[in-house]
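Here the structure is laid out as C-alpha cells; the discussion comes afterwards.
The values are calculated or read from the model by the stated rules, or taken from the named source; none is laboratory data. Given the structure is predicted, the values throughout are model-derived calculations rather than measurements. Note: ideal-geometry Cβ built from the backbone for every residue, glycine included; neighbour counts use all protein chains shown. Accessible surface is based on the protein model in full, side chains and every heavy atom, while ligands, DNA and RNA are left aside. Shrake-Rupley method; radii C 1.70, N 1.55, O 1.52, S 1.80 Å.
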Amino acid sequence: MNTLSQKERQERKIRMQPGFLAALDQSGGSTPKALAGYGLKEDAWSNKEQMFELVQQMRARIITSPSFNGDRILGAILFEGTMDRNIGEQPVADYLWNTKRVVPFLKVDEGLAGEKDGVELMKPMPGLPALLAKAKAKRIYGTKMRSVIKHANAAGVKAIVAQQFEVAAQILAAGLMPIIEPEVDIHCPDKQPAEELLKAAIFDGLGRLPRTNASWSKSACPRRTTFMPIS
C-alpha cells in the first residue's frame, strides 16, 4: 500500500525520473504572437480576457493530448490565469497530476526590471505571499521565477543570484518548491565568462544554505540553467 503523500510522490518523480518541464506560462505581450502561430490574428479577440480564454483553449488542447503525459514530462509551469481555470471539471493543477501524472508548477515573477550592471533583475513582487498561499491551496507543487544576464558583469551576476536565492527562501518557507532560473541571454556577447560567473555565484549560494536544504537538482540547456531544491 502506497503511504506517501501527494507532495512526496511528486517530489520523488521530480527527483528520480528523467524528463523535462513543459513551459505553459506565457503571458502578457508575447501572447498575440503565440496565438498568431495557431492562425489567430488580433481581431479574433476584443479584450485581454477573451485573449487569455483563447490561450486557455490552446493550452487545454496541449495538456489533454495523449502525447502530453507523465512518462516523459516531469512537470508543467503554469501562468496564474491558467492555474485559476479548469480542464473539464478539475482545476488545471489537479488535472495535470490526477490525470496526467505531471507535477504542477507556477510562474511567480512579475517580469523583468530594466537592465543594470549587465543584468535584468526580477521586478518587486509585493503580492508574492498571497500568490504563494493561493498556489498552495490549489495544490501547486512548486514555482519558477526568471531573471536574465545580458553581460559578464560580476556585480550584476552576484546581485541576480542573491535575489533568486532570497525569493527562493520565501517560497520554501511557504511550503512550495522553488526553481531558480537566472538565465544567460543566448545573445550575450561574452556568454562563456557570464556562465562561469553564474556557476560560481550559484555554488557560493548553495554553500551558504543550511545542510538540510543543500541538496539541489540541476537541469541545463544552452540558454539557461535551473536549480531546484529537492530536500
*asked:* How large a share of the accessible area of the chain, in percent, is made up of carbon and sulfur atoms when the probe is 1.4 Å and the other protein chains stay in place?
replied: 53 percent
*Hey, how many Å between the Cα centroid of region 181-197 and the Cα centroid of region 74-141?*
25 Å
*So how far apart, in nm, are the two label points at N69 and M125 if each is 7 Å from Cα heading toward Cβ?*
3.3 nm
*Over region 5-63: Kirkwood hydrodynamic radius from C-alpha pairwise inverse distances, Å*: 13.6 Å
*Rounded to whole Hz and in sequence order, give me ³J(HN,Hα) for region 106-120 from the Karplus expression 6.51 cos²θ - 1.76 cosθ + 1.60, θ = phi - 60°, writing x for Gly and Pro.*
10, 6, 10, 6, 10, x, 9, 7, x, 5, 8, 6, x, 9, 10
*Residues with amide H under 5 Å of Q90's amide H, sequence separation 5 or more or different chain, H placed in the peptide plane at 1.01 Å from N; which?*
none
_Give me the three principal axis extents of the chain from the C-alpha atoms, as integers in angstrom, largest value leading._
53, 48, 32
*Which value, in Å², gives the accessible area per residue of region 57-138 when a 1.4 Å probe is used on the protein heavy atoms?*
46 Å²
